[in-house]
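Just below is one structure, and these are the notes that go with it.
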Amino acid sequence: MRAVTFQGPSEVRVDERPAPELSSGQDAIVSIDSSGICGSDLHIYHGRVKIEPGFTIGHEFVGTVLAVGDDVTRVAVGDRVLGCYHSACATCFHCLRGEYHKCDHMRVFGHGKLLGDLPGTQAEQALVPMANVTLRRVPESVSSDAALFAGDVMATGYHAVSASGVAPGDSVAVLGLGPVGLCAVQVAIATGAAPVVAIDTVLQRLEMARSFGAVPVHLTEENPRDVVRDLTEGRGVDASIDAVGHPDALDLAIRLARKAGTVSATGVYAERCEVHMGLVWIKALTIKSGHANVIAHVDRVLGMLAAGTLDPTPLVTHHMALDDASDAYEIYDRREALKIVLSP
């Protein structure tokens with residue numbers, strides 16, 4: 001079986017790996033039809049998130065069920081399915097409270113021993129533990145490109161907006177227009193938020209945000225704080241979403257939020273970050289953080305995709321072969337692609 005493996009900073013390659021086998025009654029094996037390269041994969045690629053050389057990476061996938069364990073009842077052999085980026089048991093303290101992303105037995109695809117030692121999905125096949133919770137059937141009306149977003153990127157954008165308590169008529173700023181940021185823009189607009197301010201430096205991404213209905217703001221050629229003040233009668237936005245994962249983005253998100261507003265730190269943080277706590281305190285801000293509770297949101301997101309309320313397919317700029325993964329990572333790292341879909 002061919003799989004994309006991490007070799008060291010800025011180096012991946014396609015290796016032969018043993019085909020997965022069922023090891024539990026709750027397991028499934030999926031033949032991968034498509035797998036995405038995510039911004040989180042770039043953190044691994046750069047060595048920012050540490051995993052072992054030779055480990056299979058990737059955590060977004062759509063495919064066909066090849067085999068299931070005796071306890072798997074929600075999907076069957078032959079079903080077209082999508083996978084959430086992590087598994088969850090559904091029975092621990094956190095899962096019973098709907099906090100699936102904090103499951104005591106959570107395993108994240110493609111992130112090495114630290115996050116469950118679960119081989120990734122940029123491969124021809126993948127072992128899926130706790131398949132009743134981790135997998136979802138894909139509705140016939142939803143394309144594979146769209147479904148690929150439901151198990152991570154669009155559901156992460158949904159989580160950022162939902163966790164921020166955004167309601168119809170609220171104002172939102174999204175900092176960083178990678179796939180997660182653009183998905184957050186779509187979800188915020190679908191929620192009824194207005195205005196939705198979209199901040200980045202890449203013109204194509206700003207234009208895409210405009211096409212979704214957002215107000216695009218160039219980070220360096222304009223002053224985001226002035227734009228937000230003008231749009232909100234000087235108050236600041238109700239919710240500010242950092243979809244970058246950088247101290248400068250978080251600082252700006254804090255400054256753009258209104259008093260008693262909410263800041264969502266959705267971008268990946270792997271290091272210490274200095275926060276102006278005095279500003280957070282004096283503004284009485286609520287800060288939400290952490291990776292997304294995708295399993296809690298995936299069914300709603302799938303429904304919105306099926307209804308056409310959300311459509312992430314414009315974000316897919318490249319389809320490439322799994323064997324070309326090394327080139328794909330280089331292209332993505334140079335920001336020459338917005339979303340790359342790999343197919344075996």
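Between residues in segment 310-321 that are in contact (Cβ under 8 Å) with a residue 40 or more places away in the chain and residues that are open to solvent by 60 Å² or more (accessible area, probe 1.4 Å), which pairs lie under 8 Å by C-beta distance while being six or more apart or on different chains?
PRO314/SER211
On the given criteria, is SER10 of a type in the set (Gly, Ala, Ser) and within 19 Å of LEU135 (Cβ to Cβ)?
no
With respect to GLY58, determine if the residue is closer than 15 Å to ASN132 by Cα and either out of contact with any His (no Cβ under 7 Å at 6 or more places or on another chain) or not β-branched (Val, Ile, Thr) (or both).
When the stated conditions are applied, GLY58 does not pass them.
Part of a strand (DSSP E or B) and among the charged types (D, E, K, R), is that true of ASP41?
It is false that ASP41 is part of a strand (DSSP E or B) and among the charged types (D, E, K, R).
Please specify each residue of segment 144-165 satisfying the condition of being within 9 Å of the chain's Cα centre (by Cα) and over 10 Å from PRO179 (Cβ atoms).
ALA150, GLY151, ALA155, listed by residue number.
Which of (1) surrounded by fewer than 17 Cβ atoms within 10 Å (Cβ to Cβ); (2) assigned to a helix (DSSP H, G or I); (3) touching an Asp or Glu at 6+ places or on another chain (Cβ under 9 Å) is the odd one out, the single condition ALA194 does not satisfy?
The single condition ALA194 does not satisfy is (2).
Based on what the data block shows, is SER35 assigned to a helix (DSSP H, G or I) and surrounded by 19 or more Cβ atoms within 10 Å (Cβ to Cβ)?
It is false that SER35 is assigned to a helix (DSSP H, G or I) and surrounded by 19 or more Cβ atoms within 10 Å (Cβ to Cβ).
Of these, ARG205, ARG235, which one is more than 23 Å from VAL49 (Cβ to Cβ), modelled with pLDDT of 95 or more, among the basic types (Lys, Arg) and part of a helix (DSSP H, G or I)?
Checking each option against the conditions leaves just ARG205.
Conditions first: (1) open to solvent by less than 20 Å² (accessible area, probe 1.4 Å); (2) aliphatic (A, V, I, L, M); (3) over 16 Å from VAL161 (Cβ atoms). ALA307 passes all but one, so which condition is the exception?
Unmet for ALA307, out of (1) open to solvent by less than 20 Å² (accessible area, probe 1.4 Å); (2) aliphatic (A, V, I, L, M); (3) over 16 Å from VAL161 (Cβ atoms): (1).
From the set of residues in segment 240-261 that are part of a strand (DSSP E or B) and in contact with an Asp or Glu (Cβ under 7 Å, 6 or more places away or on another chain), which is farthest from VAL215 (Cα to Cα)?
That would be GLY261.
Just to check your reading of the model, which residue among ALA28, ALA3 is farther than 26 Å from GLU336 by Cα, in contact (Cβ under 8 Å) with a residue 24 or more places away in the chain and open to solvent by less than 20 Å² (accessible area, probe 1.4 Å)?
Of ALA28, ALA3, the one residue that is farther than 26 Å from GLU336 by Cα, in contact (Cβ under 8 Å) with a residue 24 or more places away in the chain and open to solvent by less than 20 Å² (accessible area, probe 1.4 Å) is ALA28.
The values are calculated or read from the model by the stated rules, or taken from the named source; none is laboratory data. Predicted, not measured: the structure shown is a model, and the values here were computed from it. Cβ sites come from the backbone with ideal geometry, for glycine too, and all protein chains shown count toward neighbours. What goes into the accessible areas is simple: the full protein's heavy atoms, side chains included, and nothing from ligands, DNA or RNA. Shrake-Rupley method; radii C 1.70, N 1.55, O 1.52, S 1.80 Å.
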